[in-house]
1. Quick one: putting +1 on the C-beta of Lys and Arg, -1 on the C-beta of Asp and Glu, what dipole do you get for segment 183-252 around its Cα centre, in Debye to the nearest 20?
2. Could you tell me which of rounded, prolate or oblate describes segment 73-151, using a ≥ b ≥ c as the square roots of the eigenvalues of the alpha-carbon gyration tensor, with rounded for a/c under 1.5 and, failing that, prolate when a/b is larger than b/c and oblate otherwise?
3. For segment 91-198, what Kirkwood radius comes out of the mean inverse Cα-Cα distance, in Å?
4. What per residue convex hull volume, in Å³, comes out for segment 329-400 when only alpha-carbon positions are used?
5. For residue 374, which aspartates and glutamates qualify as cross-link partners when the Cα separation must be under 13 Å and same-chain residues fewer than eight apart are set aside?
6. Would you list the P(r) distribution for segment 132-288, with all Cα-Cα distances sorted into 5 Å bins from 0 and each bin expressed as a whole %?
7. So how long is each side of segment 1-127 along the principal axes, counting just the alpha-carbon atoms, biggest first, in Å?
8. Report, in listed order, any pair from 303/381; 93/141; 79/141 with a Cα-Cα distance greater than 31 Å.
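Just so you know, all these numbers are worked out from the coordinates, no wet-lab data involved. On a predicted model such as this, the values are computed, not experimentally measured, just so you know. Neighbour counts run over all protein chains shown; Cβ positions are idealised from the backbone, glycine included.
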Amino acid sequence: MYRLVCVHCDAAYAPDQIIYTCERCGHLLAVCYDIDTLTIERDVWNRRPLSVWRYRELLPVRGEPVTLQEGGTPLYHLKRLGEEMGLAELYAKHEGMNPTGSFKDRGMTVGVSMALELGKTSVACASTGNTSASLAAYAAKGGIPAVVLLPAGKVAVGKVAQALMHGGRVISVRGNFDRALEMVHELCISHGLYLLNSVNPFRLEGQKTIGFEVIDQLHGVVPDRMVLPVGNAGNISAVHKGLQELIALGFIDRLPMMTGIQAAGSAPVVNAIEQNLPELIPEANPETVATAIRIGAPVNAEKALTAIRQTGGIAASVTDDEILMMQRDLARKEGIGVEPASAASVAGVRKLVESGIIDRDERIVCVVTGHLLKDPETVVKQCEPPIEIDADLQSLLSALHLHS
Ligand SMILES: Cc1ncc(COP(=O)(O)O)c(C=O)c1O
Ligand SMILES: N[C@@H](CCOP(=O)(O)O)C(=O)O
């Protein structure tokens, strides 16, 4: 059993009410389980495949889910990069290995399943790219239409391609993501489409399973720190919520220090933490090469600030150059291909270790959120082009600087 509860004033709403913000105070809602009434056995979870649906007792969906087999992503030990930074236990949870190449799939399997359970016949979102790619795919699987609003000219080509190919109705808005989100919210309220951005409390339930999987992949050990790139701030909030539920169940006894990394040109959460502000001041003109996190007014900021502060975590920013350098390092030293926003988490660790804020004996899990192929243009710009040669062995040997 669960209710929807306001994260600010605790007002409660029925689970089948289609509502995204509190009627009393306007803040976001969260799914709140009556943990004492749940029967969850860890052994039962452990016998199921590692996936979002391993944890179905702690998810709101009651019927058969709309699934593309999301979750169960690898947790890599970053031995080379860890050694360079002096960290023996540095890990990356590669969310780019989900069906559409980002962590959004964990949310959409739950969100689209709930849309159908609630009798909705169309879905919508605003997106910097990944949410739209994922929503279009899961709506296709669920057999309902999806409308997606993208900031014009600011979405990586792989993500636009996915949204189009999966049959999304793609609208390019001359404005930034924050404005597109306001517009789609209004559209959903006025015309009854189901909103599947991270203001949707059900979608974030799916995303919390990242934290569950990390604990299972570390054989029950809680990492000292979890580091996530922060855009709309839904993911860091969701992982924190999930881990709090594991504490309530008695499955773990402490929380990792929740650590959020933003791009320097788009860092309102970092500013709020650094200046100890009670709430965030939006950034009017966010800018970064990491277009996925080019967000100036993160809607989940209240929860993210709480997650960071309550766990003794931190927020830090990294420059575009630091992000791209880490994208190359992950690709070339670890064989892990991620998009720029994802590299921000590991770049943030490097910076925080160098500045002495992160201790070298910490066990650290970075969430790398999306796949390299999402943004091929940014990749190609950083690399030497292929060497074109005539089709003979001599040309090949000379291109490779080898003697004949
Ligand atoms: C690849 C990628 N990384 C990180 C983020 C940030 O996640 P959140 O908006 O939940 O903070 C997003 C989307 O916002 C994303 O697409
Ligand atoms: N990076 C996101 C931005 C939208 O965030 P959401 O979590 O509110 O959907 C995207 O991929 O669009």
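1. On the way: 4 positive and 6 negative charges, 17 e Å.
In total the dipole reaches around 80 debye.
2. Working: a/c = 4.09, a/b = 2.64, b/c = 1.55.
Since a/c reaches 1.5 and a/b is larger than b/c, the shape of segment 73-151 is classed as prolate.
3. Working: mean 1/r = 0.0738 Å⁻¹.
The Cα-based Kirkwood calculation yields 13.6 Å.
4. Details: hull volume 9.7 nm³, N = 72.
For segment 329-400, the hull spanned by Cα atoms encloses 135 Å³ per residue.
5. Within the straight-line cut-off, residue 374 pairs with 95, 339.
6. 2, 8, 14, 17, 18, 16, 13, 9, 4, 0
7. Dimensions of segment 1-127 along the principal axes of its Cα atoms: 51, 34, 34 Å.
8. Values: 303/381 36 Å; 93/141 26 Å; 79/141 38 Å.
Correct reply: 303/381; 79/141.
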